[in-house]
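Asker: Next up is a structure, given as structure tokens.
The values are calculated or read from the model by the stated rules, or taken from the named source; none is laboratory data. Note that the structure is predicted; figures quoted are calculated from it, not measured. Cβ coordinates were reconstructed from backbone atoms using ideal geometry, including for glycine residues, and neighbour counts include every protein chain displayed. Ligands, DNA and RNA are stripped out before the accessible areas are found, and what is left, the full protein with its side chains, is counted by its heavy atoms. Shrake-Rupley method; radii C 1.70, N 1.55, O 1.52, S 1.80 Å.
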Amino acid sequence: MTGVQTCALPICALHAAIAETIERQFPAQATEEPELVAHHYTRAGEPRAAIPYWLKAAQRAIARSAAPEAIAQLGRGLDLIKQIAEGRERDALELDLRIALVQVLISARGHAAAEVGQNLTRLRELCTTAGDGPRLTMVLMSLTSFHQMRGEPRIAFGFRSEEHTSELQS
């Protein structure tokens, strides 16, 4: 098992076995109910296995216009990120979770919501660290819009200038 143990060893092993059984013997259920697999991997203390399922569960919730559910599921995935050692794998997982979270937060709470800005700021850090120019440009565009919607034109202009520089380097 990987990650920090969140339960007693026999219970962790049971949760891991349930998740693996669902994946192997009931792949349709794993596809239709990714939150079930995510839950068992989370309880098993296996964040690397759980996080992609929390993201899939959130994407399914978004498709059903269930924003609060999607926000909660993405939050569970982000909570698990802390259990993975810092590095590229962790950053890539966090990047995917936060991109989905920003999209659902914008639709549920509006572009100027504080949580949107917090997540965009973290996305900017992740994209810069990863050297992901195309995503960085999109994040900078979103930060520009975020600050414009909050009535902060000077800050928005700064991100617009940075966005232009990022586009030239991509």
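Asker: How many Å² of accessible area per residue for the chain, probe 1.4 Å?
Answerer: Spelled out: the 1.4 Å probe surface of the chain, per residue, equals 54 Å².
Asker: Taking the convex hull of the Cα atoms, report for the chain its projected area averaged over all directions, in nm².
Answerer: Across all orientations, the chain yields a mean hull projection of 10.4 nm².
Asker: Give a residue-ordered list of calculated ³J(HN,Hα) values for region 96-102 (Karplus: 6.51 cos²θ - 1.76 cosθ + 1.60, θ = phi - 60°; whole Hz; x for Gly, Pro).
Answerer: With the stated coefficients, region 96-102 comes to 4, 5, 5, 4, 5, 5, 4 Hz.
Asker: Name the residues of region 32-58 whose amide N is less than 18 Å from a point 7 angstrom out from the Cα of Asp79 along the C-beta direction?
Answerer: Hits in region 32-58 for Asp79 at 18 Å: 34-58.
Asker: Any chance you could tell me what percent of the C-alpha pair distances in region 65-161 go past 15 Å?
Answerer: Cα-Cα pairs of region 65-161 separated by over 15 Å account for 60 percent.
Asker: Still on this model: Let me know the charge dipole size of the chain about its Cα centre in debye, to the nearest 20, where only the beta-carbon of Lys, Arg (+1) and Asp, Glu (-1) is charged.
Answerer: 260
Asker: Right, another one. Using alpha-carbon positions, what is the distance between the centroids of region 1-60 and region 125-148, in Å?
Answerer: 31
Asker: What angle do you read, to the nearest 10 degrees and between 0 and 90, between the alpha-carbon axis of helix 67-81 and the longest principal axis of the chain?
Answerer: 80
Asker: Along the three principal axes, how long is region 1-60 when you take its alpha carbons, biggest first, rounded to the nearest angstrom?
Answerer: Here the spans come out as 30, 22, 12 Å, largest first.
Asker: Also: Hey, rough spin-label estimate for Ala28 and Glu115, points 7 angstrom out along Cα→Cβ, what's it come to in nanometres?
Answerer: 3.4
Asker: Output wanted: per-residue J couplings in Hz (rounded whole) for region 152-160, from phi through Karplus 6.51 cos²θ - 1.76 cosθ + 1.60, θ = phi - 60°, x for Gly and Pro.
Answerer: 10, x, 5, 5, 4, 4, x, 6, 5
Asker: Which residue, Gln148, Thr21, Ile99, has the largest displacement toward the positive end of the dipole of the chain when charges sit on each Cβ (Lys, Arg +1; Asp, Glu -1)?
Answerer: Result: Gln148, furthest along the dipole toward the positive end.
Asker: Just the accessible area for Lys82, please: 1.4 Å probe, Å², rounded to the nearest 10?
Answerer: Accessible surface of Lys82 is approximately 140 Å².
Asker: Okay, next question. Note the angle between two axes, namely the Cα long axis of helix 34-43 and the longest principal axis of the Cα atoms of the chain, as a number of degrees from 0 to 90, rounded to the nearest 10.
Answerer: In the chain, helix 34-43 runs at an angle near 70 degrees to the longest axis.
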